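Asks: This is the structure I have questions about; it appears just below.
The values are calculated or read from the model by the stated rules, or taken from the named source; none is laboratory data. Since we're looking at a predicted model, the values are computed, not measured. Don't worry about glycine lacking a Cβ; one is built from the backbone with ideal geometry, like all the others, and counts go over all protein chains shown. Side chains are part of the model used for accessible areas, which takes the heavy atoms of the whole protein and leaves out ligands, DNA and RNA. Shrake-Rupley method; radii C 1.70, N 1.55, O 1.52, S 1.80 Å.
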Amino acid sequence: MVRSNQTSPMMGFLLLGLSAHPKLEKAFFVLILLMYLVILLGNGLLILVTMLDSRLHTPMYFFLGNLSFLDICYTTSSVPLILGSFLTPRKTIPFSACAVQMFLSFAMGATECVLLGMMAFDRYVAICNPLRYPVIMSRAAYVPMAAGSWAAGCTTAMVQTSLAMQLPFCGDNVINHFTCEILAVLKLACGDISVNVISMGVANVIFVGIPVLLIFVSYVFILTTILRIPSAEGRKKAFSTCSAHLTVVVVFYGTILFMYGKPKSKDPLGADKQDLSDKLISLFYGVVTPMLNPIIYSLRNKDVKAAARTLVFQRQSPQ
């Protein structure tokens, strides 16, 4: 027997966004649009600098270039959809487009988790084993590390998206979110989602738990090594080489923990406020974090600042 309230996936989904708060939509449209332009400009400049300046042809900046490209892909997969939801109260998205957007956002998020872990390992080798750094982090090592991060992220995204899109959906297919966020989509499913929950739990352990553990262990060894440096200037110089990465890690994982770790409200009135809060926090994670990454690396990294100045002056100087 087919359930009478089951709807065809070909009908697509409706994205509510901030339609319940119309006064916020115009202000957020302008704000998100400006942030998106900053993301494209900042991350694009970082990619350009790391490619053109030979001094930045090192593993750390290769990973940084990958991170910037990833941030551009991640925001491009969701921000146009978010901006569209601010312009129309009920934004319709086709089933196939929803699947593609879900895949891209999940793939970019998982890939970034692994990349941040790889960058932590790179900083560990650079500070704790500087003499062996050129051997351990050779091109034959760091290129496959980055490629493996992308392959792993895309693979888990393909699995999670396929499992989610095979579910039967009921009712009006209304997603109370800006985008096709996988948890919001699973709430609409009529069938059993236990397989989805288990697979996402395994993916969280692999793509969040293991990288966090790797980052934590790496920085324990890094801090231990830095504290053994006799001069204050030496300690400061050693810490400055990983301070930008550590700042990005704190912002990235701090936002994730705040999104999924805070208690849920049982009061209906409080639940409405919490629903708005969850959306805005998700917006912060999806837009503000990619915008901050190039700013953090530009402000806290002398090599990047010097390369950017050189690039700008070369463009401005007469031929």
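Asks: Along Cα→Cβ, 7 Å out, is where each label goes; now give me the distance between the ones at VAL217 and LYS23 in nm to one decimal.
Replies: Each label point is offset 7 Å from its Cα along the Cβ direction, giving 5.2 nm.
Asks: So if we plug the beta-carbon distance of GLN166 and ILE229 into 1/(1 + (r/R0)^6) with R0 = 51 Å, what FRET efficiency do we get, rounded to 0.05?
Replies: Details: r = 55 Å, r/R0 = 1.08.
Efficiency for this residue pair is about 0.40.
Asks: While we're looking at this one, here's another question. If R0 is 22 Å, what FRET efficiency do you get for SER96 and VAL197 from their C-beta distance, rounded to 0.05?
Replies: Once the sixth-power term is evaluated, E becomes 0.35.
Asks: Give me, ordered by chain and number, the residues 5 or more places off ASN129 or on other chains with an amide H under 5 Å from its own placed amide H.
Replies: Sorted by chain and number, the residues that satisfy this come to none at all.
Asks: Go through the stretch 206-237 and name the trypsin sites (Lys or Arg not before Pro) that are in a DSSP coil and have 16 or fewer other Cβ atoms within 10 Å of their Cβ.
Replies: For trypsin sites (Lys or Arg not before Pro) across the stretch 206-237 that sit outside H, G, I, E and B with at most 16 neighbouring Cβ atoms in 10 Å, the list reads ARG228.
Asks: Right, something else. Using a simple spin-label model with points 7 Å from Cα along the Cα→Cβ vector, what separation in nm is obtained for LYS187 and HIS57?
Replies: So the label points at LYS187 and HIS57 sit 5.1 nm apart.
Asks: Run the 1.4 Å probe and let me know the accessible area of PHE95, rounded to the nearest 10 Å².
Replies: Here the accessible area works out near 40 Å².
Asks: So what's the net charge close to MET137: Lys and Arg +1, Asp and Glu -1, counting the other residues with Cβ under 11 Å from its Cβ?
Replies: Summing Lys and Arg as +1 and Asp and Glu as -1 gives +2.
Asks: How much solvent-accessible surface does ILE210 expose, in Å² to the nearest 10, with a 1.4 Å probe and all protein chains in place?
Replies: 100 Å²
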